1. If the cut-off is 17 Å between C-alpha atoms, which aspartates and glutamates fall inside it for LYS132, apart from same-chain ones fewer than 8 positions away?
2. Using the number of other C-beta atoms within 10 angstrom as an exposure proxy, rank SER80, SER136, SER11 with the fewest first.
3. Mind sorting ARG151, ARG137, ARG23 by how few other Cβ atoms lie within 10 Å of their own Cβ, fewest first?
4. Test of understanding: ordering LEU78, LEU142, LEU54 by Cβ neighbours within 10 Å, fewest first, what list do you get?
5. Please express the Cα-Cα pair-distance distribution P(r) of the range 16-64 as a list of whole percents, one per 10 Å bin, running from 0 to the bin with the greatest distance.
6. Could you list which residues have their amide H under 5 Å from that of GLU46, counting only those 5 or more apart in sequence or on another chain, with H placed in the peptide plane?
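Any read-out appearing in this document is the output of simple, stated calculations on the displayed coordinates, not a laboratory observation. Just so it is clear, the model here is predicted, and its values are computed rather than measured. Neighbour counts are summed over all protein chains in view; Cβ atoms, including those assigned to glycine, are modelled from backbone coordinates with ideal geometry.
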Amino acid sequence: MINIYVDADSSPVKNEAVRVAKRYGLKVYFVSNNPRMRIPEYELVERIVVNGELDAADDWIVAHITENDIVVSADIPLVSRCIKREARVLDPRGRVFTEESIGDVLSRRDIMTFLRDTGNRDTVSRAPAYDKRDRSRFLERLDDLIQAIRRAGENNTGNPSTDSSIQKAG
């Protein structure tokens, strides 16, 4: 069975993840260190509250995912860990991460961190505001991932992460 895991503390797509999950009858785990976090009502939603330690939510997600699961996160180190576990991963803007794309994404993140840490803030741009196009792209890509996992299960072809119909992050 496909499960959706949302790195939920700052996720802007909680409602969208549940909307798609309802359509397919999938379980959604909202993982957070905030017990008061608002989450959508749905019988297959489970709130997971972890302790406040650094990366506790990430560790819980990585410990529970399988290759047939989908993780929603913009946390690049978590994304990398999930890909190593062969889960499907997308961010709230609908960018799908793969084994092929994560190296570049990690490198860019490290360069930007270095520039910020060395005082070169003028060279570091902020992400644009989250908008309707991002939300629409997220919904479309989440649906695409679910369909790809289902097709791979029907075909018993092994690793579903090789489906080329999913747009890759780059």
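1. GLU16, ASP91, GLU140, ASP143
2. Details: SER80 17, SER136 12, SER11 21.
Neighbour counts put them in this order, fewest first: SER136, SER80, SER11.
3. Working: ARG151 13, ARG137 19, ARG23 10.
In order of increasing Cβ crowding within 10 Å: ARG23, ARG151, ARG137.
4. In increasing order of surrounding Cβ atoms, one gets LEU54, LEU78, LEU142.
5. 26, 47, 25, 1
6. Answer set, sorted by chain and number: VAL28, TYR29, PHE30.
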